[in-house]
Amino acid sequence: MITFQDIQIHFGSFHAIKNFNLKIKEGEFFTFLGPSGCGKTTILRCLAGFISPSGGSILLKDKDITHVPIEKRGIGMVFQNYALFPTMTVYENIAFGKRIKKASKAEIDRDVRDIARKVDLKEDQLFKRVSDLSGGQQQRVAIARALVLKPSILALDEPLSNLDAKLRVQLRNELKDLQKQFGITTIYVTHDQEEALTLSDRIAVFNSGNLEQVGTPYEIYNSSKTEFVCNFIGDINKIDQGLIENSPLKEFVPRNKVAYIRNEKVNLSPVSGSDVVRLKAKVVDREFYGLYSKYVLEMAGGSLLKTIEKESGHIGFEVGTETDVYIRLADIMQYDRTEREN
Ligand code: ATP
């Protein structure tokens, strides 16, 4: 278990982290998610020992590690830019930490080969120079280099962001399998919400050095605690006041609230339930993606709602079609209206 207790981090007069509290469980795949500059990396670097907090403490299984040197924390770090030694071979890169620890030649050889196999690096790649490898292979080396030291925590800072989209998905899946296989507590920093939702046991959403919400991917997506979280995660419709005033939603959304609904929860086919409202709509745009289509609907009062429908083989709704739309009241997320929105 990792505990961050009242952590504060200042850079000169800038308070990057004001008062950070969080507990991460043993074996969890835990993600720090948030926009650029919100403090994710700062907290990760503080955990690893690269930054000393100005206040507060970090506990590892009840042991205070706030001032323990980096190399004694047992944390393996993987960086966005891999931070490998480009002129050394893959083997030498993976072996580096074990050599520093003065492990025997035989142990180094056994462990390097073993971990290389696990991260899917081929035998013949071990003796190539790192600079001759592709980005994906280099990231595998960086992960192997961290894991070979058998850390109790693996900390990954945007490890996939330099890779192309296809490779990112492939490595993401491999990373998840690897984490399951090792059962190692993993902290993953990203600004990519899809990565966070697919990989994590739990996610912490950051905003300007503060935690907005901590929860499972399902909770973060379906019960976003704040307006910031609901906008940051996934595609969403803000329901216009015009639509609320001109529909049965008026009974449900008070004037001091703003209301949101996720695109896929705006249904073009009837849904059952006692809390379902039916609204009139006209299809004004459709984009066909093969597996699904995205629609833009014009609603009462002229406001627009986006929705997404899985394609089922027959021709979907053409532009101009008038149709009914079904919304479950329970799917509407409401937040206090701020001064700015009044
Ligand atoms: P990104 O995804 O862009 O790395 P992040 O959420 O990881 O964003 P941090 O790198 O943690 O953000 O930075 C948080 C804030 O602290 C930013 O405003 C950043 O400019 C500032 N900051 C980080 N490191 C330093 C430093 N060494 N000196 C001064 N300010 C810093």
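What's the extension gain from Arg278 to Glu219 if we count 0.36 nm per residue and subtract their Cα-Cα distance?
Roughly 18.6 nm would be gained on extension.
Packing-wise, with mean Cβ within 10 Å as the measure, how do 13-22, 141-150, 309-318 rank, highest first?
Final packing ranking: 141-150, 13-22, 309-318.
Tell me the Rg and the Dmax, in Å, that the Cα atoms of segment 190-236 produce.
9.4, 24
Counting residues in segment 236-339 as N, plug N into 2.2 N^0.38 Å and put the Cα Rg over that result.
1.07
What number in nm² do you get for the chain if you take the convex hull of its Cα atoms and divide its surface by four?
Projected area, direction-averaged: 21.7 nm².
Between Ala330 and Leu304, what length in nm is gained on full extension when 0.36 nm per residue of separation is reduced by their alpha carbon distance?
Length difference between fully extended and current span is 7.3 nm.
Per residue, how much accessible area does the chain have with a 1.4 Å probe, in Å²?
I get 50 Å² per residue for the chain.
Taking just the C-alpha trace of segment 33-182, give me its Rg and Dmax in Å.
In order Rg, Dmax, the Cα atoms of segment 33-182 give 16.0, 48 Å.
Rounded to the nearest 20 debye, what is the charge dipole size of segment 2-231 about its Cα centre when +1 sits on each Lys and Arg Cβ and -1 on each Asp and Glu Cβ?
Taking the Cα centre of segment 2-231 as origin, the dipole is about 740 debye.
Spin-label point model (7 Å from Cα, Cβ direction): what's the Ala83 to Thr323 distance in nm?
Here the answer is 5.0 nm between the modelled labels.
Sort out for me the Cα centre separation of segment 117-139 from segment 242-314, rounded to whole Å.
With segment 117-139 and segment 242-314 each reduced to a Cα centre, they are spaced 49 Å.
Could you work out the helix-only [θ] at 222 nm for the chain, with each DSSP H run of four or more residues adding -39,500 (n - 2.57) and the total divided by the number of residues, to the nearest 500 deg cm²/dmol?
Roughly -7500 deg cm²/dmol at 222 nm, from the helical runs in the chain.
Cut-off 14 Å, label point 7 angstrom out along Cα-to-Cβ of Ser208: give me the residues of segment 224-256 whose amide nitrogen falls inside.
227-229
For helix 90-100, report the angle its Cα long axis makes with the longest principal axis of the Cα atoms of the chain; keep it between 0 and 90° and round to the nearest 10°.
Tilt relative to the chain: about 60 degrees.
Mean separation of Cα pairs under 8 Å and 6+ residues apart, divided by the residue count of the chain: what relative contact order is that in percent?
With pairs under 8 Å counted, the relative contact order is 16 percent.
In the chain, carbon and sulfur make up what percent of the accessible area (probe 1.4 Å)?
Accessible surface attributable to carbon and sulfur in the chain totals 51 percent.
Give the percent of DSSP beta bridges with both residues in the chain that are antiparallel, rounded to the nearest 5.
Taking every DSSP beta bridge with both residues in the chain, the antiparallel ones total about 75 percent.
State, as an integer percentage, the relative contact order of segment 236-339 based on alpha-carbon contacts under 8 Å between residues 6 or more apart.
37
Work out the charge dipole of the chain with +1 on the Cβ of Lys and Arg and -1 on the Cβ of Asp and Glu about the Cα centre, then indicate which of Pro53, Phe20, Asn267 is farthest towards its positive end.
Of Pro53, Phe20, Asn267, it is Pro53.
Give the relative contact order (percent, whole number) for segment 34-110; include only Cα pairs under 8 Å separated by 6+ residues.
The normalised contact order for segment 34-110 reaches 17 percent.
Percent of Cα-Cα pairs per 5 Å bin, from 0 to the last occupied bin, for segment 6-80, please list those.
3, 14, 26, 28, 21, 7, 1, 0
Given labels modelled 7 Å from the Cα in the Cβ direction, how far is it in nm from Asn263 to Lys250?
With each label point 7 Å from Cα toward Cβ, the separation is 3.0 nm.
Report the Cα-based extents of segment 140-194 along its three principal axes, largest first, to the nearest Å.
Result, largest extent first: 29, 19, 17 Å.
With the cut-off at 26 Å, tell me which of the pairs Lys23/Lys166; Lys238/Lys280; Lys225/Lys282; Lys176/Lys306; Lys122/Lys166; Lys23/Lys180 have Cα atoms farther apart than that.
Long pairs (Cα-Cα over 26 Å): Lys23/Lys166; Lys225/Lys282; Lys176/Lys306.
For segment 108-195, build the charge dipole from Cβ charges (+1 Lys, Arg; -1 Asp, Glu) around the Cα centre, then report which of Ile143, Ser161, Tyr188 sits farthest towards its positive end.
After comparing all options, I get Ile143.
The values are calculated or read from the model by the stated rules, or taken from the named source; none is laboratory data. As the structure is a computational prediction, the values presented were derived from the model and not from experiment. Note: ideal-geometry Cβ built from the backbone for every residue, glycine included; neighbour counts use all protein chains shown. In case anyone asks, the SASA skips ligands and DNA or RNA and just uses the protein heavy atoms, side chains included. Shrake-Rupley method; radii C 1.70, N 1.55, O 1.52, S 1.80 Å.
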